[in-house]
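See below for the structure under consideration.
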Protein chains: 2
Amino acid sequence: MRPSIKQVANLAGVSIATVSRLLNKPGSVSAETAEKIHRSIEQLGFRPNFNGRNLRAGNSRTVGVVVPTLSNTVFAQCLQGIELAARELDYSVMFTTTEYLPHDESAAVELLLSHRVDGVILTVADAGANATLDLLEREKIPFVLTYNQLAQPVPGETPCTRVSVSVDNRAAACDAVTHLIRLGHRRIQMLSGRFNASDRAIQRYYGYLDAMRMAGLDPLSAIEVERHTLTAATDYQQMMADPAQRPTALFCSNDLLAMSAMRDLRALGLRVPQDISVMGFDGIPVGALMEPVLASVVQPSEQIGDVALRTLVAAIERGVIAGGDAHAASAGGMRHVLPHGVRAGGSAASPDQS
Amino acid sequence: MRPSIKQVANLAGVSIATVSRLLNKPGSVSAETAEKIHRSIEQLGFRPNFNGRNLRAGNSRTVGVVVPTLSNTVFAQCLQGIELAARELDYSVMFTTTEYLPHDESAAVELLLSHRVDGVILTVADAGANATLDLLEREKIPFVLTYNQLAQPVPGETPCTRVSVSVDNRAAACDAVTHLIRLGHRRIQMLSGRFNASDRAIQRYYGYLDAMRMAGLDPLSAIEVERHTLTAATDYQQMMADPAQRPTALFCSNDLLAMSAMRDLRALGLRVPQDISVMGFDGIPVGALMEPVLASVVQPSEQIGDVALRTLVAAIERGVIAGGDAHAASAGGMRHVLPHGVRAGGSAASPDQS
DNA sequence: TTGAAAGCGCTAACAA
DNA sequence: TTGTTAGCGCTTTCAA
């Protein structure tokens, strides 16, 4: 077994309490005792066991993170942001994925709760009606949603006490589509991930509708596709094959989808942007390395992670002060809306005036 | 405070030992007692506290993961593979990043050790002389290296007891360069990340040398660049500007670098592949979506993670049986060399025969 | 099949 | 400034 605080105390000829004190508030131990203890620690290669500490202290300085997948760069960047901030604040990170499966969401959170994480950062399929979030609330564990964007509070209704960190998906999508409209596009088709796998996708579709209506254009219903692949949806293929029917621009609910769409268009013999423009959403870094550069809405993913973690830790530590009920302490709710940008790129250009 | 096993026992009218037994080996409790206990658990919303369990059991069913960064898709995919496998085997994952800083490597591992993870998966800058690995060995914590590739055992020398999971970097690079040579290239320049930030980069350079020599061509010294950016290195710019000096192909030590290089070449007015071919290493998925498709060596990153986790868990559980010294139990060492592929892509074509 | 009790490593209240 | 002690939640002998 590894050396415990007890062995250190024995070797140094002091009580375990003194060792503990040195570890926690070094000021409260005399210089020479401290010296002795440090030597013993060194000699034994002692390293405090956080399990003991957590058990006693009732908190773990660990946060749980639950994201759908790491295959999408966006979530990897967000996790990166979380980790960097956590390290700075001296927190550790337990991490899980869900593959967009609500069942896995719950299982993941259950496990994190058994580990007694102090809080959770998560991105769920749909923040509206979500058993996992209810569970977290029942357990009074503070949590912060990333990418999921809570609804604007309605005056008169009881305000939501949850916390989210995201861009304004609807406004951002509206900006993107407006960008296309300004370039001269009239027939713009939205391609989206499954609405039921992502509440953001729906918000982005609303943004599309806003922009189209604002410009007096006819919106089209969105085409939902599985996991970034344009299935051999024959209606889609037909639409694309027929120049009269074909949209002059595609607005995609995420960059991976946009890039896949571009590849498929190429396979169909269509050139981007000469024959059709493509705009994405996310602003993943590789998009800027392509030729043409992928026009997109840029979300500050790493910053989303950073803000989420700091907000969560603030709630946790407020809770410690408030007497353990960290969730109540964070009550009031908060919608952190981070600024988005529109990256103009060669993939979106003015349509041929032929 | 959350309900503990004690409250469950009280409510069910049994001892805590019985509750514990039900939780661990349900067979050893009578049906009706089990029934009562289950009801109590339900009613109280009891969830076992892993801190208590870990403290007592001396193991945590948690592994630590340390990677340089998540900005590189390769590591994100690897982490994904680790997480999926961990979940399947009922392990949790604590995760950290080092930004390629050896100091952060050690700090990260120290923290993980304090959390009493059962094992560690890590990618270090240089597996050769590495204080972090020595620490892990001293602490007898089993660990598995990913991407770092251990040297082939030399007959007669004491074999290394460490474990690595990677492709054969040298052979893979050799295959890539051979691919370029077969296309007709003679003047091939390697662009690499800093050798001191990545032992893989050096192996890949050796592979480049192998291929060049095998073909009787003059190898060039590699150009090392910072973090995927072709700094305004004037000698590089000059080399590129002068058609006589300019290589006909670039072999890059990773895909991000290759994509950045392509962008920079474009800025210089050079076309890929007409004026110059580019080949990467990693085979990140987005490379296949670009036009031209990025020619690259494909590493099975998610599988690297999967194999690493399973190997680690096997070592851990062998150790439990062997009496706690999991590291000794894993002794013998192992170099898992996973197969790589060469993805031909439009970015690498035959040079102009002008 | 069940219970009593010890103890994993640590912190903190209380005494000295 | 330091020591004594109780106990955080759990598992696991040992007895019954």
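Structure above, values below:
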{"read-out": "Rounded to 5, the percent of DSSP beta bridges in the protein assembly as shown classed as antiparallel", "value": "10 percent"}
{"read-out": "Chain A, dipole about Cα centre (Lys/Arg Cβ +1, Asp/Glu Cβ -1), debye to the nearest 20", "value": "960 debye"}
{"read-out": "Positive-end residue of B:Val297, B:Ile316, B:Tyr236, charge dipole of chain B with Cβ unit charges", "value": "B:Ile316"}
{"read-out": "Accessible-area value, A:Cys78, 1.4 Å probe, nucleic acids and ligands omitted, Å²", "value": "0 Å²"}
{"read-out": "Average accessible area per residue (Å²) across chain A - probe 1.4 Å, nucleic acids and ligands excluded", "value": "42 Å²"}
{"read-out": "Minimum 40 Å² accessible area buried by the other protein chains, region A:90-118 residues, probe 1.4 Å, relative to alone", "value": "A:Ser92, A:Val93, A:Met94, A:Phe95, A:Thr97, A:Leu111, A:Ser114, A:His115, A:Arg116"}
{"read-out": "Separation of alpha-carbon centers, region A:273-304 and region B:249-286, rounded to whole Å", "value": "19 Å"}
{"read-out": "Between region B:177-231 and region A:15-32, the alpha-carbon center distance in angstrom", "value": "55 Å"}
{"read-out": "Listed residues A:Tyr206, B:Tyr208 arranged by accessible area, highest first, probe 1.4 Å", "value": "A:Tyr206, B:Tyr208"}
{"read-out": "Most positive-pole-ward Cα, B:Val154, A:Ala201, B:Ala267, against dipole of the protein assembly as shown from beta carbon charges", "value": "B:Val154"}
{"read-out": "Label geometry 7 Å along the beta-carbon vector: A:Leu89 inter-copy distances in nm", "value": "3.2"}
{"read-out": "Counting DSSP beta bridges with both ends in region B:1-140, the antiparallel % (nearest 5)", "value": "0 percent"}
{"read-out": "Cβ-derived FRET efficiency at R0 56 Å, B:Leu23 paired with A:Asp242, nearest 0.05", "value": "0.35"}
{"read-out": "Average silhouette area of the protein assembly as shown, convex hull of alpha-carbon atoms, in square nanometres", "value": "37.9 nm²"}
{"read-out": "Inter-chain Cβ neighbour average for residues A:47-57, partner chain, 10 Å", "value": "6"}
{"read-out": "Distance in nm between pseudo-label sites at B:Ala344 and B:Ile223 (7 Å out along the Cβ direction from Cα)", "value": "2.8 nm"}
{"read-out": "GNM flexibility winner over chain A from A:Asp255, A:Asp242, A:Asp104 (Cα, springs under 10 Å)", "value": "A:Asp242"}
{"read-out": "Helical mean residue ellipticity (222 nm; -39500 (n - 2.57) per DSSP H run of 4+; nearest 500) of the protein assembly as shown", "value": "-13500 deg cm²/dmol"}
{"read-out": "Net charge of Cβ neighbours under 13 Å - reference B:Leu289; Lys, Arg +1; Asp, Glu -1", "value": "-2"}
{"read-out": "Cα gyration tensor shape for region B:34-150, rounded if a/c is under 1.5, else prolate or oblate", "value": "prolate"}
{"read-out": "For residues of B:278-286, the mean tally of beta carbons on other chains within 10 Å", "value": "2"}
{"read-out": "Backbone N within region A:295-317 under 11 Å of label point (7 Å from A:Met334 Cα along the Cβ vector)", "value": "A:307-317"}
{"read-out": "Accessible surface ranking that places the most exposed of B:Ser92, A:Ser221 first, with a 1.4 angstrom probe", "value": "A:Ser221, B:Ser92"}
{"read-out": "B:Glu42-A:Gln152 pseudo-label distance in nm [points 7 Å out on the Cα-to-Cβ vector]", "value": "4.5 nm"}
{"read-out": "Cβ-placed point charges (K, R +1; D, E -1), dipole of region B:5-48 about Cα centre in debye, nearest 20", "value": "160 debye"}
{"read-out": "Most to least accessible of B:Glu35, A:Glu105, B:Glu302 (protein chains only, probe 1.4 Å)", "value": "B:Glu35, B:Glu302, A:Glu105"}
{"read-out": "Top of A:His185, A:His103, A:His38 by mean-square fluctuation, Gaussian network on chain A, Cα under 10 Å", "value": "A:His38"}
{"read-out": "Interface area, B with A, accessible, probe 1.4 Å, both sides summed, Å² nearest 100", "value": "4900 Å²"}
{"read-out": "Other copies of A:Lys6: label-to-label distances in nm, shortest first, labels 7 Å along the beta-carbon direction", "value": "2.0"}
{"read-out": "Antiparallel bridges, percent of DSSP beta bridges restricted to chain B (to nearest 5)", "value": "10 percent"}
{"read-out": "Rounded tilt (10° steps) of B:255-267 against the dominant C-alpha axis of chain B", "value": "40 degrees"}
{"read-out": "FRET efficiency estimate (nearest 0.05) - Cβ-Cβ, B:Asn196 to A:Ala31, R0 51 angstrom", "value": "0.80"}
{"read-out": "Cut-off under 5 Å, modelled amide H: who pairs with B:Phe143 long-range", "value": "B:Val120"}
{"read-out": "Copy-to-copy label separations for A:Glu42, where each label sits 7 Å from Cα toward Cβ, in nm and ascending", "value": "5.9"}
{"read-out": "C-alpha long axis of helix A:102-114 to longest principal axis of chain A, angle in °", "value": "10 degrees"}
{"read-out": "Using θ = phi - 60° and Karplus 6.51 cos²θ - 1.76 cosθ + 1.60, couplings along region B:300-315 (whole Hz; Gly, Pro as x)", "value": "x, 4, 5, 5, 4, x, 4, 5, 4, 5, 5, 5, 4, 4, 4, 5"}
{"read-out": "Per-residue mean of C-beta atoms belonging to partner chains within 10 Å, peptide A:63-73", "value": "3"}
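The values are calculated or read from the model by the stated rules, or taken from the named source; none is laboratory data. In this text the structure is predicted, and so the values were computed from the model without any measurement. So basically every Cβ, Gly included, is an ideal-geometry build from the backbone, and we count neighbours across all protein chains shown. Only protein heavy atoms, including side chains, enter the accessible area calculation; ligands, DNA and RNA are left aside. Shrake-Rupley method; radii C 1.70, N 1.55, O 1.52, S 1.80 Å.
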